[in-house]
Structure formats: C-alpha cells, structure tokens
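These notes concern the structure reproduced below.
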Amino acid sequence: MSDEFKHDDEFLQKWLKDVHQDVDIPDGTQSWLEVKAGLDKIKARRRWMKRFQIGALVACTSLLISFFMTADLPTAYSEFQGLIKRVQENLIDIFFEEPEPYLEENSNAKTSSPPPDYIVSSPPAGESHIEDTSLEEARGKVSFPIVSPTYIPASYELENVRIFQDSDGEYRTVFMEYVNREGHLIQLNQHMIRENSSPEKITINHAMAVIKDTFINDCKAVLIIQEPDFIHLEWVTPDHMKRSIFGTLAEEEMILIAESLK
Amino acid sequence: MEQEQWLYLLRSNFYDIDHDAQKLVYEAYRNLVYRDIHFLTRSHELTEDVVQETFYKVVAKAPQLRDTKHMKAWIVKVARNHAYDMFKKNKKYRHLREPQVVIDLRAPFLHPTVAEQVEDQIRNELLHEALNELSPEYRQALFMYYIEEKPYSEISQELGKTEQAVAQTMVRARKKLYRYFSRRWVDADE
C-alpha cells in the first residue's frame, strides 16, 4: 500500500467516522410509544397463549377422563387426580340451570367434575371429533341454526369455523373465530344442549376474574372479566343454545356483538 | 442508566418489568444502534423502523443468551443484519430521497477557523449525500471496514464472500464514493 493511498485512506476513515457520529439521534418519545404499544400487544398475546395452553391441557385431560370412563377404565383416572385437585382451588361453578342433587359431587364417585385454569365450560360428553370447515358447510351439518353477528368490530374477519361431532354422530357445537390484522381473536361458540344432559356449567377461578350479571336479548348472561381487556360472555337461550364469546375487547363491544347475533 | 444494567434487564423477563424501566432500556438500546443503522439506511424513517423491529427480536432472544459479555456486540449485529436483510428483501428501499442540505453561504467571509469549521460541515453534508447515492452493498462494505475497522478476512467471513471479492467491492465503493463526492464538492465550490 503506497504512503499516499494510506494517507488518503486515513482521511476517508476519519471523514466517514465524522459522518457516522454527525447524525443527531431524534427524540425517542414517539418511537418509545410505538414500541410500548407493540410490547403490550406481545404481552397480551403471550398471556393469551399461556391461558390457552393451560385451558387446552385441562380440556384434554377432561376429554381423556371421559374416554377412560366410557371405556370403563376408572383406574386410569387416578393419574389425573393431582391436576384436578390443584386447579379446583378458588373456583366458582356457575350453573345455567338448577343443579340437580345427583349431579353434585358424589362421595362414592370415582371422579370429581373436570376443572380449569380460569374458565372452562363443561365439554360435550363422550368422544368428540373436530372438523375445520366453512360456515356454509357447517350450516349443512349441525343440528341447529347457526347464528352469526351482524356487528363485529372494525377489521375483524371470520377466519376459522370448527364443528364438533359428538359420539352419537350429531354435530352440536360450533366454534367461529374472528381475527383482526393484529392477530387479536374473538371466538364465538355455540353449543346445543341435549335434553337429558347434565346442567350447563362453567367454572371460574374467582381470584383471577371479575364476574358480572347481565342480559343478552332478555336472556340472563354472565360476563367474566379477567384482565381489563380479556372478556368472556356466556348465556343460554330459550331454545337451549349455550352461546359464549370471548376475546380481548371492551365490555360494551362484547355485548353489542352478542346482541347482534342473528 | 449504566450500560451493564440495561443489558441485565434485557436478560430478565422484559415484559414483567415496569414501563419506566422498559423505556430506559429502549432508549439505551436505541442510542447504541441508531447511528450505525442510519449510516446504512441513510433515512431516519427507515432507521426508526429497523430500530423498533429489531428491539422486539432482541427482547425475545436476549434471555436465551448465556451471558452479557458479548451482548452489546450481539445487539448491534442483530440490528445491522436486520437492516441488511431489509435491503435484500425490498428493493424499494434502495432509492431514498436525499436529506435537505443547508449550506451557509456566508462561509467564505467568516473568520478562518470558523470557515474551516464550516468547510468541515459542508464536507460532511456532501459526504452524507454521496453516501446516499451509494448502493447498500457498498455502504455495508465501507461501514464494516472504516467504522467497525474489521479486516478483509472478517468481512469476507461475515458476508460469505472471498477476500478477493471483498477487496474488489471496497475498491469500487471507494471509487464511487469519491466520484459522487467530488462532483458535489466542485458544484458547491462554484
């Protein structure tokens, strides 16, 4: 390398370093506010996922229990006892019909009712088969008229429809998921209550939620608020449909969606 | 905030710390990477995008690092790589509008020392403009060699090129920068 080149190169380096350092970093307040909003969204999503995972674990456990009971293998159930006892602490059961005495905990029973992290609706009895489908196809398969909201908050769109086939071959449950651009989810569940089935019940951990009574189109409903923005609304209609909606949105919006179901 | 402290906060569960502490960490991180990213992107808007997007990555990955020893270098690398990837993926970023350059026309009549300072300022502004015209590939090479002071062997490893190819890129980058700069320098002189 010639001396002249080396000299020029040293100058170039100095100048480039000056240019690098010369940049004034703009005030970061706006930048932080944008990042903060993003972090809050990620935090909410992580919390949602955690809740979903625990909920799924509990739901799987109760489905497994149902399976073992159907198959007359009660001993298998004992493996799940620890989990059920743990999660049953601080729980409130909400029945949508009067609980009949024989449905309460039976001291002779081999099992107690299955159980949740925060909110778990009683799963359909027996084995279920889940299908991803379209709304049109679901309407042709299920045993009841599916309703959908005429009001949904801006930018939410129906993304998934799932139907559950009970052990007798009937489809009595539909899940509809509405997702917005940020990945926030509103889930609408519709479940037809069987005539001779046990009373519909949801179990809530009262230490983790605020419970409010409300009405949806003259039907008694329960609104469960866990975080300021995570809301679960559940009610039973006179035609024996149990409906529930949950998502991260304002209480008023949740009620508007519920009242717009047609 | 002490440099080490904010690095430690990044290694904890960042989502659980309060917003004030989060803000301090973000500001420390932003100050660390901003100038590097701006050198590469030549745009405050794009720099802001890269800084923000990379922060989420850093927050997600930092707790998995074994220690804080090389964390600062790692953060800087994550941010730069994000900027490089952005250029690779999106060609629209390659032609950016030039920043406004304010040249003080009174410069020739000022006291020599002040005039020298003004000349430095003009030179820097013109260099900024010349860098804006360079392709991201050349800017990246100049950045690694002159700002990061990396030898060709290290640059070639990072870019997955031979040392010869890096040397060739450097020659071209220098030539182009010199051409863009001298054109402006002559214009400013006239």
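The values are calculated or read from the model by the stated rules, or taken from the named source; none is laboratory data. As the structure is a prediction and not an experimental result, all values here were calculated from the model. Cβ sites come from the backbone with ideal geometry, for glycine too, and all protein chains shown count toward neighbours. Please note that ligands, DNA and RNA were not included when accessible areas were found on the heavy atoms of the full protein model with its side chains. Shrake-Rupley method; radii C 1.70, N 1.55, O 1.52, S 1.80 Å.
The table below gives the values:
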quantity: By accessible area with a 1.4 Å probe, ligands and nucleic acids excluded, highest first: order of B:K69, A:K17; calculated: B:K69, A:K17
quantity: Separation in nanometres of the label points that stand 7 Å from Cα toward Cβ, at A:T214 and A:L33; calculated: 3.0
quantity: Net charge, B:D36 excluded, C-beta distance under 9 Å - Lys, Arg +1, Asp, Glu -1; calculated: +1
quantity: Hull-based mean projected area of segment B:3-94, where the convex hull spans the alpha carbons, in square nanometres; calculated: 5.8
quantity: Entries of A:K43/B:K23; A:K6/B:K88; A:K43/B:K57 with Cα pairs more than 24 Å apart; calculated: A:K6/B:K88
quantity: Taking the convex hull of Cα positions in segment B:137-190, its mean projected area over all directions (nm²); calculated: 3.7
quantity: A:V147/B:W185 FRET efficiency (R0 45 Å; Cβ-Cβ; nearest 0.05); calculated: 0.05
quantity: Inter-site label distance for A:H7 and A:Q187 at 7 Å from Cα along Cβ, in nm; calculated: 7.5
